[in-house]
Amino acid sequence: MNGKSRLGEFLRTRRSQLSPDEAEVPTYGERRRVPGLRREELALLAGVSASYYARLEQGHSMNASPEVLDAIARALRLDESERLHLLDLARSAKPRGRGRRPAPERVTEATGQLLDALADVPAIVVGRRSDVLAWNRLGHALFAGHLDPGAPDLPDQRPNMARLVFLDAHTRELYAHWPSKARAVVGNLRMVAGQYPEDSALHALVGELSAKSEEFATMWADHRVKACSVADYEMRHPLVGTLTVTQQTLNLGPGPNIVVATTKAGSPSRTTLALLAQATAEVTTPVAPATAAAAPSRPETHVSDS
């Protein structure tokens, strides 16, 4: 699907989801055959001609100004994330030269240092396509303890959070209210797809998930956009039980982000998270040196580091 089609489909879908009552458009009691606003009603709310708006939905007018797009966003009652998504779609719909493939995603030294500093907090580094590029011990234990801890280090085997949420039974059971998490994942992918229209790997991921998950396909067709910045989730961890965490995305600018899971101080969830940290800690057995009183006739024992 090209940029023109994506823009038109987004406008048509969101217009169909906005009822006359929500838009405060009088209907005078008439019965409607289709839900949502008509094109001419949306155009009137946005202050543009009906023919111009129709061409925009049909992909025949690619020069809409930011002011016109903002007016359409207000008419559609879009939030800030959705407004920015509309602007991204409009930019991607304009004719352009051959796009450059996005650069491979890597964990920078600074990001690695930050991940180390968050040793007591579950944290994972995710790329724009929701690939897990790195995680600390608690992040692995909380989000994907059933997977190989070293998987993010192998580009061909990196876990992908969108795949896990929709296709992995363990992750699905991990979220007590799975639909809420699933919608957040889809909404974030929608937003990223608008920002990176030339990312063929991202489009391949969407195609794969649409083919393998009917629920993903339905949510994707809804055209909802959501920035996954802060959200509370009740998680049912198979090792320590139920806990409620606040998942926050730390935006590091261009490049991967860090997702952390925090709990309220003094809450049962904080205790549960501490139990998870204790249960998954690396087991080390210190070697006690022999004392003269305990073993006077035995030589001193040296323990090799190898």
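Quick rundown of the values:
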read-out: Single condition His203 does not satisfy, out of (1) under 13 Å from Ile258 (Cα atoms); (2) modelled with pLDDT under 95; value: (1)
read-out: Members of the stretch 120-135 found to be under 15 Å from Ala279 (Cα atoms) and open to solvent by 10 Å² or more (accessible area, probe 1.4 Å), listed by number; value: Asp120, Val121
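The values are calculated or read from the model by the stated rules, or taken from the named source; none is laboratory data. Computed from a prediction, not measured in an experiment: that's the story for all the values here. Ligands, DNA and RNA are excluded from the accessible area calculation, which covers all protein heavy atoms including side chains. Shrake-Rupley method; radii C 1.70, N 1.55, O 1.52, S 1.80 Å.
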